[in-house]
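Working notes, structure below.
Read the figures in this text as sums done on the coordinates, not as results from a lab. As the structure is a computational prediction, the values presented were derived from the model and not from experiment. Note that we place each Cβ from the backbone using ideal geometry, even for glycine, and neighbour counts take in every protein chain shown.
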Amino acid sequence: MNARIGIIGATGRMGRAIAEEAVARGVVIAGGINRAGAILGDHGDAPSLAQAADVLIDFSTPQMLPEGLAAAQATRTPILIGTTGLGPEDHKLIDAAARSVAVLQTANTSLGLNVLRKLVEQAARALGTDWDIDIVEMHHRDKLDTPSGSALLLGASANIGRGAASPTALNRFDRMQDGPHEREQGGIYYASLRGGSVAGDHQVIFATDGERIELGHRAENRTIFAKGALKAALWLAGKPAGRYTMGDVLGFE
């Protein structure tokens, strides 16, 4: 589909990368905005940008999310949300918006990492709780949220594979906070590293007595996220209202 895209958060790292990828692929950019207004094109706010676009791509901030969602709902424009650091109230807003417009929300648009999610789910389903699961992630020194949204996505896949009551039920973050203590059998543990200019490394380790499985993904640059976001946004354009995932884009769900 030759859809026109509108970029919210156009001056951020991902916003710029998506614009560059769109130009390289000949995808029409309806415009782009940040908190100050128009950056690309003549549409100075989210409502006018949504009116001009066939699909919105939001890689801004949690503070800008309500404005983008409201604009998408008002114009029935599908919206892909790649903004990370979202809280429960943000997800409630997304759920409400999905009742009237197509919404794809993900913490990672890399096609490779989303394939890894499926592999993690399958491995967790096949292996018993005598296999420990650890998720290790590293990002550039300026990344604020910890663990990364992508690490939590991988953890959600492991939770689902283990038949947990929710995508977070088995998550454990207390290894350092509460001092030395024994590992909880079946728990899914996290470790986060920050430094340099690392675009994003993720490794999921399944370990038991005498053997281990290591499943990983390494992002060498942000172009992969821009390519995935663009593919997902073009797929989302024209879809009916509802919540969608990268798994839907890849045909997993």
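Taking amide hydrogens as placed 1.01 Å from N in the peptide plane, the amide H of Gly200 sits under 5 Å from those of Ala219, each at least 5 positions away in sequence or on another chain. Note on the range 179-226: along the principal axes its Cα atoms extend 40, 27, 16 Å, ordered by decreasing extent.
Rg and Dmax of the range 74-142, both derived from C-alpha coordinates alone, stand at 16.2, 51 Å. Counting only residues at least eight positions apart within a chain, or on another chain, the aspartates and glutamates with an alpha carbon under 16 Å from that of Lys92 are Glu67. Qualifying GluC sites (Glu not before Pro) in the range 102-196, where qualification requires a DSSP coil assignment and no more than 12 other C-beta atoms within 10 Å, comprise Glu182.
Compute for the range 25-170: radius of gyration divided by Kirkwood radius, i.e. Rg/Rh, restricted to C-alpha atoms, rounded to two decimals. On the Cα set of the range 25-170, Rg over Rh gives 1.04.
Couplings 3J(HN,Hα) for the range 110-119, derived from phi with the Karplus relation 6.51 cos²θ - 1.76 cosθ + 1.60 (θ = phi - 60°), are 5, 5, x, 5, 6, 5, 4, 4, 5, 5 Hz, where x marks Gly and Pro. Computed from the C-alpha gyration tensor, the three semi-axes of the ellipsoid equivalent to the range 94-245 are 28, 19, 15 Å, from longest to shortest. If you line up the long axis of helix 65-75 against the longest principal axis of the chain, both from Cα atoms, how many degrees apart are they, to the nearest 10? Helix 65-75 sits roughly 50 degrees off the main axis of the chain. Each of His140, Thr223, Asn171 was scored by the projection of its Cα onto the charge dipole of the range 102-253, and the greatest displacement toward the positive side belongs to Thr223; charges sit on the C-beta of Lys, Arg, Asp and Glu. Does anyone have the angle between helix 223-236 and the longest principal axis of the chain? Alpha-carbon axes, 0 to 90°, nearest 10? So the helix axis and the longest Cα principal axis differ by about 60 degrees.
Listed by chain and number, the aspartates and glutamates placed with their C-alpha closer than 20 angstrom to that of Lys227 are Glu20, Glu21, Asp54, Asp58, Asp201, Asp248; residues fewer than eight positions away on the same chain are left out. Only helical runs count toward this figure. For the chain, summing -39,500 (n - 2.57) over DSSP H runs of n ≥ 4 and dividing by all residues gives -10500 deg cm²/dmol at 222 nm. Working from Cα pairs under 8 Å separated by at least six residues, relative contact order for the chain is 22 percent.
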